[in-house]
Amino acid sequence: MNSISIKTPGRTYPVYIGSGAIEGLGSYIKDTFPVMTNIMIITDETVRAIHLPALEAALKGIDAKVCTVPSGEKAKTFEVYYQCLSFALEHKLDRKSLILAFGGGAVGDLGGFVAATFMRGIPFIQIPTTILAHDSAVGGKVAINHPSGKNMVGSFYQPQAVFYDLNFLESLPPKEVRSGFAEVIKHSLIHDMSFYLSLKDNIRSLDGLPSDELSGMLTKGIEIKGMIVAEDEKEAGVRAFLNLGHTLGHAIEAEKGYGVWTHGESVAVGMLFALHLSKKLLDLRFDVNEFRCWLDQLGYKTDLPEDLSHSKLLERMKQDKKSEGQNVRFVLLKEVGKPVIHQVSDDFILQELEILLK
């Protein structure tokens with residue numbers, strides 16, 4: 001098991017990653033929170049059915065109340081958020097209580113936002129169960145969605161710790177593996193060419209990834225994100241680079257309806273478009289067609305659904321948190337490992353969507 005330290009101005013906390021990492025949770029809670037009144041687990045229907053017994057065994061007799069929410073992005077609504085707050089009040093949580101966010105990225109976002117706002121903030125621990133959550137569980141971005149845009153209601157609120165047990169990943173369906181691996185690709189593109197090439201040259205299929213390879217990739221991704229968050233906790237500068245592919249990706253998610261296309265599937269198309277723009281606008285030396293073929297080989301969709309209007313996608317992109325004054329700003333690459341923020345005109349976006357994503 002590996003331990004990574006995430007350092008931010010507000011808090012330094014550990015990420016424990018490896019097979020069996022969850023086994024240390026009970027002793028960590030007892031040592032870190034000697035005066036703990038109540039524990040609330042927020043998990044979704046799917047994770048509860050498959051993995052809750054393992055979490056309860058790891059808690060070693062610690063009593064915890066379980067709040068079950070819908071699976072996927074359906075958990076990140078105002079209604080579900082309100083239900084979680086009501087559950088916490090009904091079960092007498094107070095400022096010395098603890099929340100465990102047990103699930104994928106959506107549960108982590110929701111659980112963290114509940115913790116951030118309940119009684120002006122109580123501690124929480126991230127216990128991710130997906131590959132995608134290796135990105136979202138670290139860094140303290142917590143949020144719920146609004147019909148007009150993803151993660152529009154949220155906060156920066158760091159967890160006390162992250163327990164990332166890779167045994168939980170064995171139950172993931174192929175679609176969720178692809179969704180999570182897209183964020184691994186993103187980390188490689190914003191960090192360095194060697195990491196990217198190691199992925200492209202060695203990963204030809206996402207079926208049955210060896211545990212040691214998976215552990216290495218996820219650890220590397222967490223380390224990259226940790227370095228960026230340490231420099232810029234609240235996205236005033238370089239942390240925005242972590243949004244490579246997300247401007248168009250979030251627009252696709254919103255237009256299709258949250259959960260119809262997974263986050264990672266949407267971001268994969270968004271990265272393809274960002275790389276295309278980078279070649280056109282910044283003279284990026286990169287074989288976009290080769291990248292697209294690799295994505296196809298791994299099972300990703302690389303074409304926009306025919307039912308999506310490019311003009312409606314543009315309007316969604318104008319609501320992106322990087323946009324300023326209704327001007328769309330993308331994370332682009334001068335070269336692999338050297339991201340920049342670049343404003344792109346509406347006409348050019350529509351033109352290039354027609355060219356690349358027919």
Self-check item: Hits among aspartates and glutamates - C-alpha to C-alpha of residue 76 under 13 Å, sequence gap 8 or more where chains match
Solution: 44, 109
Self-check item: Summed side-chain charge close to residue 68 - residues other than residue 68 whose Cβ falls under 9 Å, Lys, Arg +1, Asp, Glu -1
Solution: -1
Self-check item: Taking 276, 187, 310 and counting other C-beta atoms within 10 Å, the order from fewest to most
Solution: 310, 276, 187
Quiz item: Rounded, prolate or oblate: which fits the stretch 292-358 when a ≥ b ≥ c are the square roots of the eigenvalues of the alpha-carbon gyration tensor, with rounded for a/c under 1.5 and prolate only if a/b beats b/c?
Solution: oblate
Quiz prompt | Segment residue 94-residue 279, length gained on full extension (0.36 nm per residue, minus Cα span) | solution = 61.3 nm
Practice problem: Run the quick spin-label model on residue 31 and residue 327: label points 7 Å from Cα toward the beta carbon, then report their separation in nm to one decimal. | Solution: 5.1
Quiz item: To the nearest Å, what is the center-to-center distance of the stretch 280-316 and the stretch 234-264, using C-alpha atoms only?
Solution: 14
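For a quick check: sort 52, 242, 197 by the number of other beta carbons within 10 angstrom, fewest at the front.
The order, fewest Cβ neighbours first, is 197, 52, 242.
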Quiz prompt | Qualifying trypsin sites (Lys or Arg not before Pro) for the stretch 22-131 [loop in DSSP, other Cβ within 10 Å: at most 13] | solution = 60, 92, 95, 96
Practice problem: Return the single residue from 13, 28, 196 with maximal mean-square fluctuation; model: Gaussian network over the chain, springs between Cα atoms under 10 Å. | Solution: 28
Quiz item: Can you list, largest first and rounded to whole Å, the semi-axes you get for the stretch 174-356 by taking the square root of 5 times each eigenvalue of its Cα gyration tensor?
Solution: 24, 19, 16
Self-check item: Per-residue [θ]222 nm for the chain (sum of -39500 (n - 2.57) over DSSP H runs n ≥ 4, rounded to 500)
Solution: -14000 deg cm²/dmol
Quiz prompt | Spatial separation of Cα centroids for the stretch 323-346 and the stretch 1-31, in angstrom | solution = 34
Quiz item: What percent of all Cα-Cα pairs in the chain falls in each 20 Å bin, counting up from 0?
Solution: 31, 58, 11, 0
Practice problem: Once you've got the GNM for the chain with C-alpha springs shorter than 10 Å, pick whichever of 297, 319, 126 has the biggest mean-square fluctuation. | Solution: 297
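Looking at the chain, send over the antiparallel percent of its DSSP beta bridges, to the nearest 5.
Working: 18 of 39 bridges.
Taking every DSSP beta bridge with both residues in the chain, the antiparallel ones total about 45 percent.
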Practice problem: Determine the shape class of the stretch 2-171: with a ≥ b ≥ c the square roots of the Cα gyration tensor eigenvalues, call it rounded for a/c under 1.5, and otherwise prolate if a/b is greater than b/c, oblate otherwise. | Solution: rounded
Quiz item: For residue 30, which lysines qualify as cross-link partners when the Cα separation must be under 19 Å and same-chain residues fewer than eight apart are set aside?
Solution: 60, 65, 96
Exercise. Could you work out which residue, out of 105, 121, 72, moves most in a Gaussian network model of the chain, that is, has the largest mean-square fluctuation with Cα springs under 10 Å?
Key: 121
Exercise. Using the charge dipole of the chain (Lys, Arg: +1 at Cβ; Asp, Glu: -1 at Cβ; taken about the Cα centre), state which of 75, 172, 155 has its Cα farthest towards the positive end.
Key: 155
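Neighbour counts of other C-beta atoms within 10 Å: give me 23, 354, 265, 335 arranged from fewest to most. Provide the component values of the computation, followed by the final result.
Working: 23 18, 354 10, 265 23, 335 14.
Starting with the residue having the fewest Cβ neighbours, the order is 354, 335, 23, 265.
Pairs 7/312; 92/256; 92/186; 141/334: which are spaced more than 32 Å apart, C-alpha to C-alpha? Before the final figure, lay out the partial values.
Numbers: 7/312 39 Å; 92/256 39 Å; 92/186 41 Å; 141/334 27 Å.
Cα-Cα > 32 Å for 7/312; 92/256; 92/186; rest within.
Bear in mind these aren't lab numbers, they're just calculated from the coordinates by the rules spelled out. Small disclaimer: the values here were computed from a predicted structure and weren't measured. Counting neighbours? That spans all protein chains shown, and the Cβs are built from the backbone with ideal geometry, glycine included.
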